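Asks: For reference, the structure I am asking about is given below.
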Amino acid sequence: MNNKINTKYILIQVFYQAIASVAWGFGIYSLMARGFDSGQAGLCMAFSNVVSLVLQPAASNYIDNSKKHTVFEVLVLEALIMMVLFIANCYIHSAGLMLATVFIFAFGIYSAVEPLINTISSKFAGAGIEIEYSKARSAGSLSYAVMCIIFGRLTVIYPYTVVLYGALLFAVSLILTIILIRKDYGEVKDREVKKIKEKDISYLEFIKNNKNFMVLCLFATGIFFGYTCIDNFMLLVTEEVGGNSGDMGSILGFKAVVEGIAIFFFVKLRKKISLEWMLKICAIAFLLKSIATSLSPNVFALYVTQLLQMASFAFYMPSMVEYVNTYLNPKEVTRGQAMITMTLIFATMFSSSIGGNVANIFGTKSMEWLATFVTLFASAGFYLTVKSLFKNKRTS
């Protein structure tokens, strides 16, 4: 039973991250191919994050308070709506309000699905079944890598619609796999350990209790502003140095492979490197990656730059999750994990709109240096805040 459930969870991550290759890798590309400029495409991406920002807490609150529906039913419903919007996205071929609306809600719902997928492991853990999250997430990164490379090659030969139909295919596969794992949960849920639910705290109380952590999240938002400013407009960055959509796909694919390898070996690395230094290293690596991207003279240099993904994003996510689980009050862990997700959402929301317009008006290089400038100050602030946080831990 354990192996069967783990296999299905791996497939969920594989299909979800395959869609990510379209959403984050080729989302801007698909809009620009239909007539939007970079500024307008960026705004669509930004508003999709607003949808996600509203939908995520609403779905979580509903699941927490519902006696009839679990995370699985909500997941299936959201994925079905997402699939219908993906179908519509395939058949709108020109820029306009209709395309913008469909894109915003399709990928807004897509982003809101991820936290629910991440809670599946905890649901099964309550029933005594351990799901290997790092292994599944590594498989997801590999899936993202492979599909970025494949879509990159296909878009050189075929129209943009090839990536849209690909997203639709993976959405259908995701829904079917969620339905299958929901059936497995139905068979084991009676073994779930019943716990007394602790009273939740408000965000205002959380902020008052964790001022330094909130400062850390603020600087993390700045870091991710720079990171997503470049990542979401990688097509423009690649074209700036003479590449095309095929090169972009290969670069994003290589980045995901590097990231997946690092996440897979994170647990072993943590035995040799302290959590404080993991967080400090990722701050430095984010800055170096942004500088290296801005200075890259050709496509090969962009490939080399992706090696820094191993010490930046791949270190950041598991390190921040570990920090929250270890140092925050048990009653505040849920809010803490939500704040980690929200830093990326807020950053993407602002970077998509600002970055796209800067690239459209002043050029791609100006956008890259803006991203680097913000990353410089955010990384320095993040590094110093981490140093202060752990100094307080040692003296307390």
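The values are calculated or read from the model by the stated rules, or taken from the named source; none is laboratory data. Please read all numbers here as calculations on a predicted model, not as lab measurements. Positions of Cβ are generated from backbone atoms using ideal geometry, with glycine treated the same way; all protein chains shown enter the neighbour counts. Quick note on the areas: whole protein, heavy atoms, side chains included, nothing else; ligands and nucleic acids left out. Shrake-Rupley method; radii C 1.70, N 1.55, O 1.52, S 1.80 Å.
Asks: Compute, for the chain, the length of the dipole vector about the Cα centre, with Cβ point charges of +1 (Lys, Arg) and -1 (Asp, Glu) only. Units Debye, rounded to 20. Each step should come with its number before you reach the end.
Replies: Values: 33 positive and 23 negative charges, 266 e Å.
For this selection, approximately 1280 debye.
Asks: Separate question: Springs between alpha-carbon pairs under 10 angstrom, Gaussian network model over the chain: which of F170, F265, F346 fluctuates most?
Replies: Largest GNM mean-square fluctuation: F265.
Asks: Could you tell me what percent of the accessible area of the chain is made up of carbon and sulfur, with a 1.4 Å probe and every protein chain present?
Replies: Numbers: 11680 of 17530 Å².
That share works out to 67 percent.
Asks: Hey, if you put +1 on the Cβ of every Lys and Arg and -1 on every Asp and Glu Cβ in region 26-124, which of L43, V71, V84 ends up farthest toward the positive end of that dipole?
Replies: Farthest along the dipole direction, towards plus: V71.
Asks: Using only Cα atoms, locate the centre of region 303-351 and the centre of region 48-121, then give the distance between them in Å, rounded to an integer.
Replies: Comparing the Cα centres of region 303-351 and region 48-121, I get a distance of 21 Å.
Asks: Something else about it: In the structure displayed, which of K8/K67; K211/K289; K208/K271; K268/K393; K4/K289; K4/K393 lie more than 31 Å apart, Cα to Cα? Walk me through the intermediate numbers first.
Replies: Working: K8/K67 26 Å; K211/K289 29 Å; K208/K271 33 Å; K268/K393 24 Å; K4/K289 39 Å; K4/K393 42 Å.
Table pairs above 31 Å Cα-Cα are K208/K271; K4/K289; K4/K393.
Asks: Between the DSSP loop rule and a limit of at most 11 other Cβ atoms within 10 Å, which chymotrypsin sites (Phe, Trp or Tyr not before Pro) in region 16-110 are left? Write out the running numbers ahead of the final one.
Replies: Values: sites: Y16, W24, F26, Y29, F36, F47, Y62, F72, F86, Y91, F103, F105, F107, Y110; in loops: F26, F36, Y91.
Hits after loop and neighbour filter: Y91.
Asks: Rounded to two decimals, what ratio of Rg to Rh does region 85-189 give with C-alpha atoms and a Kirkwood Rh? If you can, show how the numbers build up before the last one.
Replies: Details: Rg = 16.8 Å, Rh = 16.0 Å.
Rounded to two decimals, Rg/Rh equals 1.05.
Asks: Related question: When the solvent-accessible surface of protein heavy atoms is calculated with a 1.4 angstrom probe, in what order do F254, F350 fall, highest first? Let's see the in-between values first.
Replies: Values: F254 75, F350 105 Å².
The most accessible residue leads, giving F350, F254.
Asks: So, one more: Once mean projected area of the Cα convex hull in nm² is worked out from the coordinates, which option in (i) 21.5; (ii) 23.5; (iii) 18.7 does it equal?
Replies: (iii)
Asks: Provide the per residue accessible area, probe 1.4 Å, for the chain, rounded to a whole number of square angstrom.
Replies: Values: 17530 Å² over 396 residues.
For the chain, the per-residue accessible area is 44 Å².
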